[in-house]
Amino acid sequence: MDKKHPKKKPAVVPAAGADKAEFARVRRRARELAIIDGRAPHDLLESDYEQARRELAGEPVGDEKESLLESLPESARWDPVPGSTGHRAPESSAEDDEDEDGHNESARLVEGGMIDAEDDQATEAEKASGRRATNGG
């Protein structure tokens with residue numbers, strides 16, 4: 001069974017003591033929730049009505065876990081391993097990667113790219129001057 005589209009339940013009737021206008025608002029919102037969930041407006045589930053009632057009553061909507069996380073301070077929200085204090089990774093020495101000129105791998109790659117670009121430009125310039133010479137220009 002698809003989790004997003006659980007088995008359809010029977011239509012919900014207004015709760016005892018609920019007025020018709022309130023139930024109409026709940027039903028309208030439940031239809032909106034069904035459409036948002038990719039279902040036809042007449043394909044309402046019990047969960048649509050429940051969520052609509054909670055939203056219109058101003059109650060918190062959503063997952064309890066999500067609500068709990070929202071209530072935590074920002075610094076405590078991300079804790080990949082609860083209780084772990086972690087450790088600082090050792091810094092790598094950039095000197096190990098440097099060549100005799102003092103360039104690291106990134107600098108060598110940039111320099112190589114610049115040389116290749118200059119070669120490409122020179123080749124294109126030669127081709128262009130050859131075309132002008134054969135065209136009489």
Checked pairs for the stretch 101-117, first among the acidic types (Asp, Glu), second surrounded by 10 or more Cβ atoms within 10 Å (Cβ to Cβ), C-beta under 6 Å and 6 or more apart or across chains, list as 105/97
Just wondering, is there one or more residues in the stretch 63-73 that are modelled with pLDDT of 80 or more, exposed (fewer than 10 other Cβ atoms within 10 Å of the Cβ), of a type outside the set (Asp, Glu) and part of a loop (DSSP other than H, G, I, E, B)? no
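The values are calculated or read from the model by the stated rules, or taken from the named source; none is laboratory data. These numbers were taken from a predicted model, which means no experiment stands behind them. Note that each Cβ is placed from the backbone with ideal geometry, even for glycine, and that neighbours are counted across all protein chains shown.
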